[in-house]
Each structure stands twice: as C-alpha cells, then as structure tokens.
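The values are calculated or read from the model by the stated rules, or taken from the named source; none is laboratory data. This structure is a prediction, so every number in the text was calculated from the model and none was measured. Here Cβ is always computed from backbone atoms with ideal geometry, including for glycine, and neighbour counts include all displayed protein chains. Keep in mind that these areas ignore ligands, DNA and RNA; they rest on the heavy atoms of the full protein, side chains included. Shrake-Rupley method; radii C 1.70, N 1.55, O 1.52, S 1.80 Å.
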Amino acid sequence: QVQLVESGGRLVQAGGSLRLSCAASGRSFSSYGMGWFRQAPGKEREFTAAINWSGGTAMYPDSAKGRFTISRDNAKNTVYLQMDSLQPEDTGVYYCAARTVSSISRYYYEYTYWGQGTQVTVSS
C-alpha cells in the first residue's frame, strides 16, 4: 500500500510560480512511475506531467511544456511539480499519482494510487 500526500497549493496571481510536493510512503517508491493530474470544476481529470522511476524521462501535455517541470527525489520519497508562468486556466485540484511499474504514462487509469489533492487557484 502506498499513501500519497500533496502540498504546496495556494492562491497565486497570473504569471506567478508554485512548487507542489507529493510525499509518498512505502519502500517501493523508487520503482514507481509517478504523475500529476489536475481537475478543474466541471471538467474531467487532466494529465499534467509524468516521470519515470529514475527521473530520467518526463512527459508533459502541450499546455504544460516549457512552463511545468516534474522531478523526484527517491531518497526523500517525494515528487515535485514546479509550475511557472501560471495562468487562470491552470486553476484546479492537483493530484499526485503512482503506478506500480517504473515506466511513464499519461493515462490516469494506469495509476494505482492517488493522493487527496491540493488546490491551486490562479487569479487574473
């Protein structure tokens, strides 16, 4: 069993930056692929970023490329999402997710464990 706890969400002005953190329990964290997804009110959960077990491979949707950076520290059992140049359309609840294989994925149904989410609100 893996527990994920996100933190770092808050209200920020457009153009600002945030760094989200996701702390994971469990001994197998370093072997898991990790991802971030977000969900805006009334919308489906949306892929935001993913990283493989070593941190050597990352994936982003076009909306995040050049603005968001996912990273991980396996010694700390933590994955991060650095978000720059935030826009109001980035508003939503951001979820951290873990999949029990080491590779990368953009599909929410390939993730087994989910955190409770952290709210990010970007004001214009």
(request) Give segment 69-94 a look and list any residue that's open to solvent by less than 50 Å² (accessible area, probe 1.4 Å), assigned to a strand (DSSP E or B) and in contact with a strand residue (DSSP E or B) (Cβ under 7 Å, 6 or more places away or on another chain), or say none. (result) I70, S71, R72, T78, V79, Y80, L81, M83, G92, V93, Y94
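A quick yes/no check of all residues on (1) among the hydroxyl-bearing types (S, T, Y); (2) closer than 19 Å to G117 by Cβ:
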position: S28; (1), (2): yes, no
position: G35; (1), (2): no, yes
position: A40; (1), (2): no, yes
position: F47; (1), (2): no, yes
position: A50; (1), (2): no, yes
position: K65; (1), (2): no, no
position: F68; (1), (2): no, yes
position: N74; (1), (2): no, no
position: T78; (1), (2): yes, yes
(request) Would you check which residues across segment 16-60 are buried (at least 22 other Cβ atoms within 10 Å of the Cβ) and assigned to a loop (DSSP other than H, G, I, E, B) and list them? (result) Y32
(request) Starting from segment 87-108, take each residue that is closer than 16 Å to T57 by Cα and list its partners that are open to solvent by 40 Å² or more (accessible area, probe 1.4 Å) and not in a strand (DSSP E or B), counting only C-beta distances under 6 angstrom and pairs at least six apart or across chains. (result) R99/E110; R99/T112; S102/S31; S102/W53; I104/T57
(request) Would you point out the residue of segment 95-117, among those that are more than 12 Å from T48 (Cβ to Cβ) and outside any loop (DSSP other than H, G, I, E, B), that is most open to solvent (accessible area, probe 1.4 Å)? (result) Y109
(request) Out of the residues in segment 22-44 that are touching a helix residue (DSSP H, G or I) at 6+ places or on another chain (Cβ under 9 Å) and of a type in the set (A, V, I, L, M, F, W, C), state the one that is nearest to Q82 (Cα to Cα). (result) F37
